[in-house]
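This report concerns only the one structure given below.
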Amino acid sequence: MAQPATISPTPLLKDELDIVIPTIRNLDFLEMWRPFFLPYHLIIVQDGDPSKTIKVPAGFDYELYNRNDINKILGPKASCISFKDSACRCFGYMVSKKKYIYTIDDDCFVAKDPSGKDINALEQHIKNLLSPSTPFFFNTLYDPYRAGADFVRGYPFSLREGVPTAVSHGLWLNIPDYDAPTQLVKPLERNTRYVDAIMTITKGTLFPMCGMNLAFNRELIGPAMYFGLMGDGQPIGRYDDMWAGWCTKVICDHLGLGVKSGLPYIWHSKASNPFVNLKKEYKGIYWQEELIPFFQSVTLPKDCSTVQKCYIELSKQVKEKLGKVDEYFNKLADAMVTWIEAWDELNPTGAKSAELFNAGK
């Protein structure tokens with residue numbers, strides 16, 4: 001008797017999500033991700049020498065952009081895209097036409113949960129993005145929308161509907177995401193703690209966003225996901241995702257959107273050189289003592305009803321207040337404006353923004 005055919009479920013958001021990967025090397029790491037990534041479209045942003053050939057394993061649906069492509073597509077506005085730094089990944093966000101983005105580094109592999117099962121990080125990110133967030137009141141059972149959880153006693157019923165989730169920030173096992181000084185004093189430390197939790201980051205609270213395992217709703221927050229000016233020709237590196245995270249969180253708070261952090265985990269396979277990192281981070285470690293208070297005190301006017309308007313206003317405040325810290329921030333503020341101009345040129349109809357959400361309130 002013939003066995004019944006097995007019907008594979010359609011992957012979540014198969015036609016609504018792009019996977020963005022910045023790289024300088026062959027993408028052999030995709031073999032481990034094949035069961036999870038194969039149904040999706042990849043946008044690969046090649047950093048460094050554009051004459052180098054990047055090999056992608058067979059079977060994947062992808063488009064690859066190098067620096068020559070970026071210069072051709074953006075023209076003079078290509079100046080806002082970092083070179084020789086993983087911040088170049090944000091070009092992939094700009095050229096995508098999908099509603100959702102997942103971005104991952106090429107030294108990140110599939111992690112296992114405590115039972116030994118492979119973690120489908122992409123699926124968990126999608127679940128995070130498709131469930132509401134609760135930024136206005138903290139639930140002590142963390143994410144109340146997960147199976148087996150709910151709102152605890154004393155949680156206001158008027159806030160239980162939640163708000164749209166704009167960002168899902170995943171974590172990492174093995175190599176921690178440390179700055180250079182911490183790397184130097186803890187060279188053998190590994191993150192082995194798997195915490196089965198997802199939480200909404202409260203309104204008014206900043207966080208250090210890591211870009212190696214990150215997903216977001218491009219239509220809701222995409223224009224704010226600018227990874228700044230880093231790397232070649234710039235006085236700072238390794239703060240690209242931090243900058244995007246601070247800007248994004250301030251704008252999410254203003255527009256009434258949510259940011260989740262926690263599951264899923266990926267396996268971060270190798271530590272970068274702490275001495276090289278220290279050279280890249282030195283000014284950032286010094287400047288962040290000015291940057292954090294700046295973002296903590298930022299207020300955006302009520303008429304900033306779209307991400308683009310918020311970001312342009314933020315750029316003005318960066319120039320006004322952080323330009324005094326270093327000339328670099330004047331240059332960065334100008335690049336923020338260029339980024340928005342380039343975004344709008346490549347997305348002329350405009351993404352559905354939080355303005356629509358706010359209009360319905």
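So the values come out like this:
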item: Residues of the range 80-118 satisfying the condition of being in a loop (DSSP other than H, G, I, E, B) and within 24 Å of M230 (Cβ to Cβ); result: I81, S82, K84, D85, S96, D105, D106, D107
item: Those residues of the range 269-294 which are more than 23 Å from W246 (Cα to Cα) and not small (G, A, S), in sequence order; result: K270, N273, P274, F275, V276
item: Test: residue in the range 170-186 that is under 18 Å from G258 (Cα atoms), aliphatic (A, V, I, L, M) and at pLDDT 95 or above; result: yes
item: Filter result (open to solvent by 80 Å² or more (accessible area, probe 1.4 Å) and either under 14 Å from D107 (Cβ atoms) or in contact with a helix residue (DSSP H, G or I) (Cβ under 7 Å, 6 or more places away or on another chain) (or both)) within the range 14-30; result: I24, R25, D28
item: Considering residues of the range 31-51 that are in a loop (DSSP other than H, G, I, E, B) and over 20 Å from K72 (Cβ atoms) only, the residue least open to solvent (accessible area, probe 1.4 Å); result: Y40
item: Residue within the range 61-79 that is outside any helix (DSSP H, G or I), at pLDDT 95 or above and open to solvent by less than 20 Å² (accessible area, probe 1.4 Å) present; result: no
item: Qualifying residue in the range 292-312 (condition: touching a residue at least 12 places away in the same chain (Cβ under 8 Å) and of a type in the set (K, R)); result: no
item: Residues that are open to solvent by less than 40 Å² (accessible area, probe 1.4 Å) and in contact with a helix residue (DSSP H, G or I) (Cβ under 9 Å, 6 or more places away or on another chain), drawn from the range 183-205; result: Q183, I198, I201
item: Matching option when the condition is in contact with a helix residue (DSSP H, G or I) (Cβ under 7 Å, 6 or more places away or on another chain), at pLDDT 95 or above and assigned to a helix (DSSP H, G or I), among K331, K319, K309; result: K319
item: The range 224-280 - residue that is among the hydroxyl-bearing types (S, T, Y) and buried (at least 22 other Cβ atoms within 10 Å of the Cβ) and, of those, nearest to T200 (Cα to Cα); result: T248
item: Any hit, the range 250-261, residues being modelled with pLDDT of 95 or more, in a helix (DSSP H, G or I), closer than 30 Å to T192 by Cβ and of a type outside the set (K, R); result: no
item: Any chance K84 is surrounded by fewer than 21 Cβ atoms within 10 Å (Cβ to Cβ), under 21 Å from the mean Cα position of the chain (by Cα) and over 25 Å from N277 (Cα atoms); result: no
item: Residues that are of a type in the set (S, T, N, Q), open to solvent by less than 50 Å² (accessible area, probe 1.4 Å) and in a loop (DSSP other than H, G, I, E, B), drawn from the range 125-164; result: S131, T134, N139
item: The range 136-153 residues that are more than 14 Å from K260 (Cα to Cα), paired with ones that are open to solvent by 80 Å² or more (accessible area, probe 1.4 Å) and part of a loop (DSSP other than H, G, I, E, B) (beta carbon under 6 Å, 6 or more apart); result: A149/L141; V152/T140; V152/L141
item: Cβ pairs under 9 Å, 6+ apart, first in the range 193-206 and on the phi < 0 side of the Ramachandran plot and among the charged types (D, E, K, R), second open to solvent by 60 Å² or more (accessible area, probe 1.4 Å) and in a loop (DSSP other than H, G, I, E, B); result: D196/P114; K203/F136
item: Contacts under 6 angstrom Cβ, first residue in the range 165-177 being under 18 Å from V110 (Cβ atoms), partner at pLDDT below 95, 6 or more apart; result: I175/A271
item: Residue ID - least open to solvent (accessible area, probe 1.4 Å), chosen from residues in the range 296-346 that are hydroxyl-bearing (S, T, Y) and in contact with a Cys (Cβ under 9 Å, 6 or more places away or on another chain); result: Y311
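The values are calculated or read from the model by the stated rules, or taken from the named source; none is laboratory data. Predicted model, so just to flag it, every value in this text is computed and none were measured. Glycine also receives a Cβ, built like all others from the backbone with ideal geometry; neighbour counts cover every protein chain displayed. Calculation scope for accessible area: heavy atoms of the full protein, side chains included, ligands and nucleic acids excluded. Shrake-Rupley method; radii C 1.70, N 1.55, O 1.52, S 1.80 Å.
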